[in-house]
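To keep things clear, I will list the structure first and then write my remarks on it.
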Amino acid sequence: MSQFRHAPLSLRLDVEKWPLKAPFHITGHTMVDADVIVVTLEQDGFTGRGEACGVYYFDDDVAAMVERIEAVRAVVEAGIDREALQGLLPAGGARNALDCALWDLDAKRLGDPAWRLAGLDSPEAVITAHTVGANPPDEMAAGARAYREAKLIKLKLTGEPADADRVRAVRDARPDVSLIVDANQGFTRESLLALLPTLTRARVSLIEQPFRVGDEKLLDGLDLPIPIGADESAQTARDVGPLASRFDVINIKLDKSGGFTEALAMAREAQRYGLDLMVGNMTGTSLAMAPGFLVAQLCKIVDLDGPMFLQSDRQPAVIYRDGTIWCPESVWGGTVADVDYRG
C-alpha cells in the first residue's frame, strides 16, 4: 500500500494512437491501431505513469476509459492509494492505468523498485510468445518464419476448417519451437474435437479460451491431452475458483484485471488452486508491458509481444532478444525518473 494516501496528486490524462505494422486478425475482431490512454500522476516532484488499452470485447475503449477516469478525477487528485482505488473503479482499463501509475509513483517516492514493493524476486528475462494472427496458412507460416529468434509461437485460430491447415503450415515452417493456440472463444465442442488430432500431432502445448464465456461447461467430460487456458473467462481473482475444475492455466492481463494490484491477487488465487499462470496483453507500448513483465516472473507461459506489432514504440523500451523479453526498470517501476518520447 502507498504511504502517501492523503497527499494531493496532479493527474494528467493523454490519449495516444500507435499504428500497427499490419492489421491483426483474431476471432471476431481486427486491430489496425493500438489506441491507449496514459495516466501521469505527479506528487511532490515525483511522477508515475500507467498505460492501458482497455478490453475491446467489453467496449472498454479509449472513450470509456477517459469517461471513467474523469468521473473520479477529484477523488484521485485529493489523494488516493492503491487499496482505495480497487473500490473506486471496476476492473478494466481505467483502473489499470491509474493503478500502474500509482505503483510507478510509489517506487520513485519510496526509492524501492516496484518488484520489491510487490514482494517479488529480482526479475529476469523470460521467454515470451511471438503471436501469429489468424490469416491464410501460407501467410501464417511466413509470419512464423519471420520470428527467427522465437522459442514460443502462439497461433490465433478461429474455429474455421482452415485452422487445421494453419496449424500444419506453421508447424512445418517451425518444427523447432513450442506452439500454443488461442481461439479467443471461437471453437465449438465439435470444431475442437475435429481439430484435436492435428493439435496433438503438431505438439501444441496449450489451447487458450476455446469456448465462449458462459460455455465453460462444454469442457465437461472431455479427455483432452493438451492443457486448457482461461483468458476471457478469467477477468479478476474472483473468477479463478469457479474455473479451477475445468481449466489448467489462468491468463492474467492487466487491462482485464484492472491493474498490477489485482493481477498479483489473481496470481495468488490461481496458485492456491494449483493452476499454472500465464500473463498476456491487450497490445500497447512497452509502458503497458512493463508491469506485466513483473507478473511474468510468476508465470509458466508469457505472452508480452504487443510492442512487436507497432510501427514504433516509446522509449525507453522493453528488449526482445533470443526469444525473450527483458524490461529495464527505466521503463516503469524503477526508482528514477524515466524518459518518455515516441520512438
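The values are calculated or read from the model by the stated rules, or taken from the named source; none is laboratory data. Since the structure is predicted, the reported quantities are computational estimates derived from the model, not experimental observations. All Cβ positions, even for glycine, are placed from backbone atoms using ideal geometry, and neighbour counts span all protein chains on display. We work out accessible area using only protein heavy atoms, side chains counted, and drop any ligands, DNA or RNA first. Shrake-Rupley method; radii C 1.70, N 1.55, O 1.52, S 1.80 Å.
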- prompt: So, counting K/R as plus one and D/E as minus one, what does the shell of residues with Cβ under 12 Å around Asp176 add up to?
  reply: +4
message: For the stretch 237-297, what does the accessible surface come to per residue with a 1.4 Å probe? Please give it in Å².
response: 28
message: Tell me whether the stretch 212-287 comes out rounded, prolate or oblate; compute the Cα gyration tensor, take square roots of the eigenvalues as a ≥ b ≥ c, and use a/c under 1.5 as the rounded threshold.
response: prolate
Surface share of carbon and sulfur [accessible, 1.4 angstrom probe, percent] for the stretch 41-145: 50
task: Could you give the spread of the C-alpha atoms of the stretch 146-252 along their three principal axes, from largest to smallest, in whole angstroms?
output: 39, 29, 20
- prompt: Which of these values of P(r) over Cα pairs in 10 Å bins from 0, in percent was calculated from the structure shown: [x] 5, 20, 22, 18, 15, 11, 7, 2, 0, 0; [y] 6, 27, 35, 23, 8, 2, 0; [z] 5, 23, 34, 27, 10, 2, 0?
  reply: [y]
field: Of His130, Val170, Thr40, farthest towards positive along the dipole that unit charges on Lys, Arg, Asp, Glu beta carbons give the chain
entry: Val170
- prompt: Taking a threshold of 29 Å on the Cα-Cα distance, which of the pairs Lys21/Lys217; Lys17/Lys156; Lys21/Lys108; Lys17/Lys300 fall above it?
  reply: Lys21/Lys217; Lys21/Lys108; Lys17/Lys300
task: Restrict the search to the stretch 246-288; then list the chymotrypsin sites (Phe, Trp or Tyr not before Pro) that DSSP places in a loop and that have at most 14 other Cβ atoms within 10 Å of their Cβ.
output: Tyr273
- request: State to the nearest 20 debye the size of the charge dipole of the stretch 204-262 about its Cα centre, where the only charges are +1 on K and R beta carbons and -1 on D and E beta carbons.
  value: 100
Of all accessible heavy-atom area on the stretch 181-318, the percent that carbon and sulfur account for (1.4 Å): 47
message: In 5 Å bins starting at zero, report the fraction of Cα pairs in the stretch 1-138 per bin as a rounded %.
response: 2, 9, 17, 19, 16, 14, 11, 7, 3, 1, 1, 0
The stretch 218-261 - Debye-derived log10 I(q)/I(0), Cα point model, q = 0.27 Å⁻¹: -0.97
- request: Would you please classify the overall shape of the stretch 57-161 from the alpha carbon gyration tensor, given that a ≥ b ≥ c denote the square roots of the eigenvalues, rounded means a/c under 1.5, and beyond that prolate means a/b larger than b/c while oblate covers the rest?
  value: oblate
field: Percent RCO, i.e. relative contact order, over the chain, from Cα pairs under 8 Å lying at least 6 residues apart
entry: 19
- prompt: Which order do peptides 119-126, 172-179, 299-306 fall in by mean Cβ count within 10 Å, highest first?
  reply: 299-306, 172-179, 119-126
- request: Please report, in debye to the nearest 20, how large the charge dipole of the stretch 189-343 is about its Cα centre when each Lys and Arg carries +1 at its beta carbon and each Asp and Glu carries -1 there.
  value: 120
field: FRET efficiency, Arg203 to Ala63 (Cβ-Cβ, R0 30 Å, nearest 0.05)
entry: 0.10
message: Using a Förster radius of 35 Å, what is the FRET efficiency between Val75 and Thr335 based on their Cβ-Cβ separation? Nearest 0.05, please.
response: 0.80
query: Expressed as a whole percent, how much of the Cα-Cα distance distribution for the stretch 43-110 exceeds 18 Å?
result: 35
